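Q: Have a look at this one before I ask anything.
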Amino acid sequence: MFIRNHPEGLYFNGRIGKLVDKVDEFLKVEFNDGSNSIIVEREEWKNTTFKVDEKTKEILQEDIGSFLQYPVRLAWAVTVHKSQGLTFDKLQLDLENSFAAGQLYVALSRCRSLEGLKLLSKIRPDNIIVDKRILDYHHSINEEYNFEEDLKVAKEKYQKHLLKASFNFHKYLDYIKSWQSFVVEKQDDYAMEILTFIKGIKTVFQNTVKTGEKFQWQLESLFEENSKAIIKDRVDKAIRYFSDEINAKVLLPIESHIEEYRVKKGTRKYLNQTRTFGDECWHLMEKIYNISFQGEKVFTGIKKYKPDNSSAIKKKYEKGDTYKQTLELFEQGKTIEEIACLRFLSKGTIESHMLKHLKNGAVDINKLMPNARYQKIRKFALKNPNKSVSELVHDIDISIDYIEARWVKATLQLEKESD
């Protein structure tokens, strides 16, 4: 009979076999169930103790001895005590002289089924020995404790724990970290402006995490008041706040971001990562909407749902959508910096959008820079029509940006075409 489990499952504690051969230090064992014979070698047993390190308070393991032994013993018979932890398909029991509490239970529970169990002696009432200390303990529990009341208190405590945990958003910062790492490792042409976008999303979630922590502390105070109506009202308002924040400052910007980058080469894998994060945020929205307290749903408002992408896939994507959004914000009086912040895009991206709108006459250059500055650059550009953007920037007697030079050249080209 094997007395331990093999790491690869060749044998297990309690398996019965037949020793048929021994070659050098190896035993050959066959089984009656028709499975293949196996080769058995000595196994190491260790005598291990544990102690606490006084300085670090860590639990340390120390091996104080070991021995090698074949993991088998003769299986003609085994005492009840030695059978603990073993399991048998067939078993003959002689329990007539059982003498210790629990001995009968241990013996009967060694067999897998009643069909494999055979009793060699009659079991008498005096063989069923119960430890008096166990009985006394159970009697004292029944007398001292009201289990129904304890269960009620435990349920309420657990429900409060779940409610607080619903406003723990820390793991989404880990998702963002993975998102950032993907972009840094890929290092494509758009890495810097993409990282600027992700940084904006991260800032939103950092604020969300802090607000969530504050609300968890508020819940602790509300629990002490023990007013279910007040708790539900505050949680309902919190759900509205967090869902609106995530939708307006995370999900909608991500949707616009995906639209902008779908037409750019080499962004497919990145967009898959972005969609994965977006899906996690939609799952968070659904989780927030479904918050319940004491078996009742809390949210009473109108849910926001993830857009159906199937129709978006069928509909041809219009490349100009992202430029239109920038133009609309600009016409509302927003500055380039404000638009970049609202759309989680880099300032350079918004400036390039403006270049497009200058070329088609949708934006007046005097709204992008002071007229005096524009006139000076314009005058220099007209005197030097063959100079490139780079030459204009380096040769003019004032400090200007490349984008300003491009804006002026685009305006001059539009005037020329109009003439």
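Each reported figure results from applying straightforward, stated rules to the coordinates on display, with no laboratory input. As the structure is a computational prediction, the values presented were derived from the model and not from experiment. Don't worry about glycine lacking a Cβ; one is built from the backbone with ideal geometry, like all the others, and counts go over all protein chains shown.
Q: Quick check: pseudo-label points 7 Å beyond the Cα along Cα→Cβ at E255 and C341, how many nm apart are they?
A: 2.3
Q: Quick one: if you stick a label point 7 Å off each Cα along the C-beta vector at D395 and K383, how many nm between them?
A: 1.1
Q: In nanometres, what is the gap between the two model label sites at E415 and N47, each 7 Å from Cα along Cα-to-Cβ?
A: Going from the E415 label point to the N47 one covers 10.0 nm.
Q: Set the bar at 19 Å for Cα to Cα. Now go through K155/K210; K51/K82; K155/K228; K152/K228; K186/K265 and name every pair that lies beyond it.
A: Cα-Cα > 19 Å for K155/K210; K51/K82; rest within.
Q: Could I ask something else about it? Just subtract the alpha-carbon distance of T211 and R275 from 0.36 nm times their residue separation and send over the number in nm, one decimal.
A: So the extension gain works out to 20.5 nm.
Q: Let me ask another. How much length is gained if the chain between L74 and K297 is pulled fully straight, taking 0.36 nm per residue apart and subtracting their Cα-Cα distance, in nm to one decimal?
A: Computed gain between L74 and K297 is 74.0 nm.
Q: Would you pull out the residues with amide H under 5 Å of L95's amide H, same chain only if 5 or more places away, H placed 1.01 Å from N?
A: Long-range HN contacts for L95: L120, S121.
Q: Let me ask another. Could you tell me which of rounded, prolate or oblate describes the range 364-418, using a ≥ b ≥ c as the square roots of the eigenvalues of the alpha-carbon gyration tensor, with rounded for a/c under 1.5 and, failing that, prolate when a/b is larger than b/c and oblate otherwise?
A: Oblate.
Q: Another question, then. Go ahead and estimate [θ] at 222 nm for the chain from helices alone: -39,500 (n - 2.57) per DSSP H run with n ≥ 4, summed, over the residue count, rounded to 500.
A: The helix contribution divided over the chain gives -16500 deg cm²/dmol.
Q: Each residue of the range 392-398 in turn: what ³J(HN,Hα) in whole Hz from Karplus with 6.51, -1.76, 1.60 and θ = phi - 60°, glycine and Pro shown as x?
A: Values per residue, Gly and Pro as x: 4, 4, 7, 8, 5, 8, 10 Hz.
Q: Taking a ≥ b ≥ c as the square roots of the Cα gyration tensor eigenvalues, with a/c under 1.5 meaning rounded and otherwise prolate when a/b beats b/c, else oblate, which class fits the range 17-156?
A: oblate
Q: Ok, one more. For the range 85-128, rounded, prolate or oblate, judged on the Cα gyration tensor with a ≥ b ≥ c (square roots of eigenvalues), a/c < 1.5 rounded, else prolate if a/b > b/c?
A: Since a/c reaches 1.5 but b/c is at least a/b, the shape of the range 85-128 is classed as oblate.
Q: Suppose we take every Cα in the chain and form the convex hull; what volume per residue is that in Å³?
A: 365
Q: Here is a further query. Build a GNM of the chain with springs between Cα atoms under 10 Å: which of D321, D94, D364 gets the top mean-square fluctuation?
A: Evaluated over the chain, the most mobile residue of the options is D94.
Q: Still on this structure: Only Cα pairs within less than 10 Å get springs; with that Gaussian network setup on the chain, which residue of K152, K347, K82 has the largest fluctuation?
A: K82
Q: Could you tell me the calculated FRET efficiency between L151 and A248, based on Cβ-Cβ distance and R0 = 51 angstrom, to the nearest 0.05?
A: Rounded to the nearest 0.05, the efficiency is 0.75.
Q: Okay, next question. Give me a comma-separated list of calculated 3J(HN,Hα) values for the range 72-79, in order, Karplus coefficients 6.51, -1.76, 1.60 applied at θ = phi - 60°, integers in Hz, x for any Gly or Pro.
A: Running phi through 6.51 cos²θ - 1.76 cosθ + 1.60 with θ = phi - 60° gives 9, 9, 4, 10, 5, 7, 8, 6 Hz.
Q: Which FRET efficiency, nearest 0.05, do R373 and M192 yield, Cβ-Cβ r, R0 25 Å?
A: Between R373 and M192 the formula returns 0.40.
Q: Take W45, W407, W217 and order them by how many other Cβ atoms sit within 10 Å, fewest up front.
A: With the sparsest Cβ surroundings first, the list reads W217, W45, W407.
Q: Among Q216, Q180, Q103, determine the one that fluctuates most according to a GNM of the chain built with springs between C-alpha atoms less than 10 Å apart.
A: Taking springs between Cα atoms under 10 Å, the residue moving most is Q103.
Q: What angle do you read, to the nearest 10 degrees and between 0 and 90, between the alpha-carbon axis of helix 228-246 and the longest principal axis of the chain?
A: Here the helix axis deviates by roughly 50 degrees.
Q: Check which residues have an amide H placed less than 5 Å from C111's amide H, if you skip close sequence neighbours.
A: Distant-sequence amide H within range of C111: F88.
Q: I would also like to ask the following. Using only Cα atoms, find the angle between the long axis of helix 347-359 and the longest principal axis of the chain, and express it within 0 to 90 degrees, rounded to the nearest 10.
A: So the helix axis and the longest Cα principal axis differ by about 40 degrees.
Q: On C-alpha positions alone, give me the angle between the axis of helix 252-261 and the longest principal axis of the chain, in degrees, nearest 10.
A: Roughly 70 degrees between the two axes.
Q: What's the exposure ranking of E115, E156, going from fewest to most Cβ atoms within 10 Å?
A: In increasing order of surrounding Cβ atoms, one gets E115, E156.
Q: Please report the relative contact order for the chain, taking Cα pairs under 8 Å with a sequence separation of at least 6, and give it as a percent rounded to a whole number.
A: Reported as a whole number, the value is 8 percent.
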